[in-house]
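Heads up: the structure comes next, in structure tokens.
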Amino acid sequence: MSERIEVESDSHSYPVLLENGLRYSFYHLLEDILPDHTKLMIIADETAASYYLEDLLASFPDSAKPVVTILPSGETSKSMVQYERLLTECLQEGLDRKSVIAALGGGVAGDIAGFTAATYMRGIRYVQIPTTLLAHDSSVGGKTGINHPLGKNMIGAFHAPSAVLYDPEMLISLPEKEWRSGFAEVIKHAFISSPEFFVWLQNHVHKLSSVDPSTLEKMLKKSIETKVAVVQEDEREAGVRAHLNFGHTLGHAIEAELGYGKTTHGEAVAVGMIFAMRLSEKFYGIKLPIEETVKYLEKLGYYLKLQKQVNAEKLLFIMKRDKKASGGSMRFVLLPELGRAELVDIREEMVLDLLEEEELT
């Protein structure tokens, strides 16, 4: 596999490279893409580091070894405490305005490393090296940030990477729950843009623990191209980029209520997507393939019901506080039809009624 997708951001263009074994040539790729860089700091998730950090470091000559700092694995690392620590290390290591930060890991590492790069010296360059399926979505588009106890991703910045270097071989080490987490974003891209892609996924992806390389290549390329098309049209979420939040309004509320890390992001988003489809049916008076979708996702191991420790009113409160709410109204990404999304204002009563129905099922 060797694919290159170009992304046009407001400030610059950058490549998304997909290539098996890419990690073994990281130094040379960095020299080609950013030949004028000074110091490099790799911010690595501890799990990803245990598998792949040595492979990356082996590509560097002894005279150019990077600085490395390790993040504890899990969503709790997207915190003010870890953010302050990373800034302190940047200062202690003498990173300057031509230095580069590289994020090795999943979405958590990418988000906090990108936010550190966005704010250190008012913005330095960074590179994404995703090691999870979920990060195929989060690594493209320049959204960076950390969590607050009162809300997910409420502190952040738009800061496009200088490159996304994706080595699909690194997905081999993922546990199945991480495959489920990432695959939810693949499904999301199909729901908002391509019913044909959803049919293709149903026909080709039957077990997440054993996706063959050819299927993985096609799936990643199509999903990333969907994300790139939306981001290029609306980088700062003034319009259609909000459609990428399909399933995320409730998904983020579930994550916040359960406590970050108690469920994976993608599994929470899967619940949110089914809820958004049910809400779409009520709002538009239409019929969507909900039962077919539920059957498919449950076959892949998803649990799609609200967990007992959350309740409808608490979730509604969190969603109203979410950045996707505006002027006290509830804003949801809904589907007037499969493959087309809209951002609409929804009455709180309709949302609460449906949440209470979900609690009883």
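The values are calculated or read from the model by the stated rules, or taken from the named source; none is laboratory data. Owing to the predicted nature of the structure, the values given are computational and were not obtained by experimental measurement. Every residue, glycine as well, gets a Cβ built from its backbone with ideal geometry; the counts of neighbours run over all protein chains shown.
Any residue at all in the stretch 239-259 that's touching a residue at least 12 places away in the same chain (Cβ under 8 Å) and in a loop (DSSP other than H, G, I, E, B)?
Within the stretch 239-259, one or more residues are touching a residue at least 12 places away in the same chain (Cβ under 8 Å) and in a loop (DSSP other than H, G, I, E, B).
In this structure, does residue 118 turn out to be surrounded by fewer than 22 Cβ atoms within 10 Å (Cβ to Cβ), assigned to a helix (DSSP H, G or I) and free of Cβ contacts under 8 Å to residues at least 60 places away in the same chain?
It is true that residue 118 is surrounded by fewer than 22 Cβ atoms within 10 Å (Cβ to Cβ), assigned to a helix (DSSP H, G or I) and free of Cβ contacts under 8 Å to residues at least 60 places away in the same chain.
Residues of the stretch 162-200 being assigned by TED's automatic domain parsing to the domain that holds residue 301, within 30 Å of residue 123 (Cβ to Cβ) and hydroxyl-bearing (Ser, Thr, Tyr), which ones?
Matches in the stretch 162-200: 181 only.
What about residue 288, is it closer than 25 Å to residue 137 by Cα, assigned by TED's automatic domain parsing to the domain that holds residue 191, surrounded by fewer than 21 Cβ atoms within 10 Å (Cβ to Cβ) and modelled with pLDDT of 95 or more?
Taking the combined requirement at face value, the residue satisfies it.
Please indicate, with yes or no, whether at least one residue in the stretch 138-154 is crowded, with 18+ Cβ neighbours inside 10 Å, in a helix (DSSP H, G or I) and within 16 Å of the chain's Cα centre (by Cα).
yes
Of all residues in the stretch 331-340, which are among the hydrophobic types (A, V, I, L, M, F, W, C) and over 21 Å from residue 320 (Cβ atoms)? Steps first, answer last, please.
First pass over the stretch 331-340, keeping only residues among the hydrophobic types (A, V, I, L, M, F, W, C): 332-335, 338.
335, 338 - these are the residues of the stretch 331-340 that are among the hydrophobic types (A, V, I, L, M, F, W, C) and over 21 Å from residue 320 (Cβ atoms).
In the stretch 39-76, what count of residues is obtained for those that are among the small types (Gly, Ala, Ser), closer than 24 Å to residue 168 by Cβ and assigned to a helix (DSSP H, G or I)?
4
Can you pull out every residue in the stretch 320-361 that is surrounded by 13 or more Cβ atoms within 10 Å (Cβ to Cβ), modelled with pLDDT under 90 and among the aliphatic types (A, V, I, L, M)?
Hits for the stretch 320-361 are 325, 330.
Please state which of the following conditions residue 173 fails to meet, knowing it meets all the rest: (1) more than 30 Å from residue 53 (Cβ to Cβ); (2) surrounded by fewer than 16 Cβ atoms within 10 Å (Cβ to Cβ); (3) under 19 Å from the mean Cα position of the chain (by Cα).
Of everything listed in (1) more than 30 Å from residue 53 (Cβ to Cβ); (2) surrounded by fewer than 16 Cβ atoms within 10 Å (Cβ to Cβ); (3) under 19 Å from the mean Cα position of the chain (by Cα), residue 173 misses just condition (1).
Could you list, in sequence order, the residues of the stretch 32-52 that are more than 22 Å from the chain's Cα centre (by Cα) and exposed (fewer than 15 other Cβ atoms within 10 Å of the Cβ)?
32, 35, 36, 38
Could you please give the count of residues in the stretch 51-68 that are small (Gly, Ala, Ser) and without any contact (Cβ under 8 Å) to a residue 12 or more places away in the chain?
Matching residues across the stretch 51-68 total 1.
Criterion first (in contact (Cβ under 8 Å) with a residue 40 or more places away in the chain and on the phi > 0 side of the Ramachandran plot) does residue 123 satisfy it?
Criteria not met by residue 123.
Cβ contacts < 6 Å: first residue without any contact (Cβ under 8 Å) to a residue 60 or more places away in the chain, restricted to the stretch 84-112; second residue polar (S, T, N, Q), any location; separation 6+ or different chain. Result?
Once the first residue is without any contact (Cβ under 8 Å) to a residue 60 or more places away in the chain and sits in the stretch 84-112, its partners that are polar (S, T, N, Q) give 86/116; 89/69; 96/38; 110/128; 110/138; 110/139; 111/144.
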